[in-house]
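Okay, so here's the structure we're looking at.
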Amino acid sequence: MNIGITVYPTYGGSGIVGSELGRELAERGHNVHFISSVLPTRVTELNERVQFHEVEMMTYPLFEHQPYDLALATKMGSVARAEKLDLFHVHYAIPHSISGILARESIKDKRYVPVITTLHGTDITLVGADRSYLPITRYALQQSDGVTAVSKFLKKATIETFDFDEIEVIPNFICPKHYVKLPDSPLRSELAPNGELLLVHVSNFRPVKRAIDCVEIFAKVKMEFPNVRLVMVGDGPERAAVKHRAALLGVDGDTMFVGKKANIAAYLGVSDIFLLPSELESFGLAALEAAACELPVIATRIGGIPEVVNDGESGYLSEVGDIEKMSADTLKLLKNDDQRVAFGRRGRELSVQRYSTRAIIPQYISFYEKVLAKTADERR
């Protein structure tokens, strides 16, 4: 198949999943064309099967804001015709679904290219549920030729918000070869020069991630277990506030803010426990990546996280903001090496069993084939 993929080319989960999906499809013999404003973060190699088409923006004095959605639609249409695309796979409803639908309609007399929309979370739970965006988001779902969601939780939320239930759940995934434990990596010695155990958090430091809770947890843990450090991976609007709170709590000397990293797996692979105190996670991709690296996960019992983390088996789940319980659960694992190792191995086992590329990519290919067959029948 010739597949056009559009993502937000950032460190967010939808960009990661869309990029890695393209790579996996190419390895299985499909041709993938990324259509975006810049090369997506996780697309590290372009070749005959993986190509990139940049959306160019027009500067015009009349436009206070450049109309990216229209520029994207135009580019999608031109790529579809030039490369004879079989389908568009867009990640995130707004504006990518709308752009895909415009592209499809603009060229349908020459070539009908179905639009498959994958919902990742905030496009439904935040953006789409906003009163001003709700009608256009519902339209995007109804006009898509196929819709998938990354978790059962997100499918349920979409049905409740938009009264739309033609959704197939295809979860996020990990490559088991890429996400592995790395006990002998030099990075471990760099982060823990005195043999400390490492807590790690990965996010875009938006308020919804509650990164500041990680520092609160760390401060409480360190009072009882001094031989521990905290690694904060990522960047975003809350980073300065988190750093300030670490200083106020007196743990800034053992809290490392390493910024955005392309090699997230390297930091997960050398750490010991993963902290994810978010107030909303439609799936919890970071938790899955951590579990695959044999890290027990301390997280909140919200959204799709319970689908990824088995409470009391591969990690511990708490209510949002329950710093006391999350601190106590972290201490349990720090003080019990056998339990920490057992939780990590179980997390790895569950991650590979449920969410490996071998398990998930064929589901996407099957869904593509089903949508293509359905649209072909409808147009006869």
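The values are calculated or read from the model by the stated rules, or taken from the named source; none is laboratory data. Worth saying up front: this structure is predicted, and the values here are computed from it rather than measured. Don't worry about glycine lacking a Cβ; one is built from the backbone with ideal geometry, like all the others, and counts go over all protein chains shown.
Considering the range 334-380, the residues that are in a helix (DSSP H, G or I) and of a type in the set (Ser, Thr, Tyr) include one that is modelled with the lowest pLDDT, namely THR375. Set side by side, the residues GLU168, GLU238 differ, and just one is among the acidic types (Asp, Glu), closer than 25 Å to THR41 by Cα, in contact (Cβ under 8 Å) with a residue 24 or more places away in the chain and crowded, with 16+ Cβ neighbours inside 10 Å, which is GLU238.
Which ones in the range 137-153 are of a type in the set (S, T, N, Q) and modelled with pLDDT of 95 or more? Within the range 137-153, GLN142, GLN143, SER144, THR148 meet the criteria.
Can you work out which of the residues in the range 202-221 that are among the basic types (Lys, Arg) and within 18 Å of VAL297 (Cα to Cα) is surrounded by the fewest Cβ atoms within 10 Å (Cβ to Cβ)?
Here is the first cut: in the range 202-221, the ones among the basic types (Lys, Arg) are 206, 209-210, 220.
Within this subset, residues satisfying the condition of being within 18 Å of VAL297 (Cα to Cα) are 209-210, 220.
Working: LYS209: 24, ARG210: 23, LYS220: 19.
Per the criteria, the residue is LYS220.
Per-residue answers, yes or no, for (1) in contact with a Leu (Cβ under 9 Å, 6 or more places away or on another chain); (2) charged (D, E, K, R); (3) buried (at least 16 other Cβ atoms within 10 Å of the Cβ):
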residue: ALA103; (1), (2), (3): yes, no, yes
residue: ILE107; (1), (2), (3): no, no, yes
residue: VAL115; (1), (2), (3): yes, no, yes
residue: LEU119; (1), (2), (3): yes, no, yes
residue: SER132; (1), (2), (3): no, no, no
residue: PRO135; (1), (2), (3): no, no, no
residue: ARG138; (1), (2), (3): no, yes, yes
residue: ASP145; (1), (2), (3): yes, yes, yes
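Apart from one condition, ILE159 fits all of (1) touching a residue at least 12 places away in the same chain (Cβ under 8 Å); (2) in contact with an Asp or Glu (Cβ under 7 Å, 6 or more places away or on another chain); the exception is (1).
Need at least 1 residues that are hydroxyl-bearing (Ser, Thr, Tyr) per element, so show me which strands (runs of 3 or more DSSP E) inside the range 182-268 make the cut, counting only ones lying wholly within it.
255-259
Considering each residue of the range 115-136 in turn, none proves to be over 22 Å from the mean Cα position of the chain (by Cα), at pLDDT 90 or above and over 30 Å from ARG340 (Cβ atoms).
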